[in-house]
Amino acid sequence: MLVLTFLFPIWFIAHGISRLVHLGHIRFVAGDGIYYFTLIINIIGLILGVLMIFNPLFTLTIIRYFASAYLILLGIDSVVMAVSRMGKRP
């Protein structure tokens with residue numbers, strides 16, 4: 001369980017940074033709405049990752065709520081990207 005309290009925040013931060021790097025492409029291909037939605041979700045992920053690194057005990061007690069909420073948001077983001085106009089831009 002102790003390993004998860006450190007790996008989970010690192011995953012949040014790494015995933016957030018990875019998605020933020022690709023935001024320019026997302027904005028070009030999918031449009032502004034999805035760009036801002038993805039931007040907000042990834043900033044929330046970065047903030048949660050930093051909070052979990054600085055307070056591991058809090059992370060240990062509340063990790064299931066963080067994980068479920070963030071993964072639901074990522075799922076919504078993925079569905080929105082799937083039904084967006086990706087690849088249909090002239």
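The values are calculated or read from the model by the stated rules, or taken from the named source; none is laboratory data. Since we're looking at a predicted model, the values are computed, not measured. Note that we place each Cβ from the backbone using ideal geometry, even for glycine, and neighbour counts take in every protein chain shown.
When we screen I53, I47, I17, I40 for residues that are surrounded by fewer than 13 Cβ atoms within 10 Å (Cβ to Cβ), in a helix (DSSP H, G or I) and at pLDDT 85 or above, the only hit is I40. Within the stretch 66-82, no residue that is in a helix (DSSP H, G or I) sits with its Cβ atom under 6 Å from a residue that is of a type in the set (D, E) and surrounded by fewer than 16 Cβ atoms within 10 Å (Cβ to Cβ) at 6+ positions apart or across chains.
Of the listed requirements (1) farther than 21 Å from F12 by Cβ; (2) surrounded by fewer than 12 Cβ atoms within 10 Å (Cβ to Cβ), Y65 misses just one: (1). Among the residues making up the stretch 1-19, those that are farther than 14 Å from V50 by Cβ and of a type outside the set (S, T, Y) are M1, L2, V3, L4, L7, R19.
Tally up the residues in the stretch 20-37 that are loosely packed, with under 15 Cβ neighbours inside 10 Å and either closer than 19 Å to I62 by Cβ or not hydrophobic (A, V, I, L, M, F, W, C) (or both), please. So the answer is 7.
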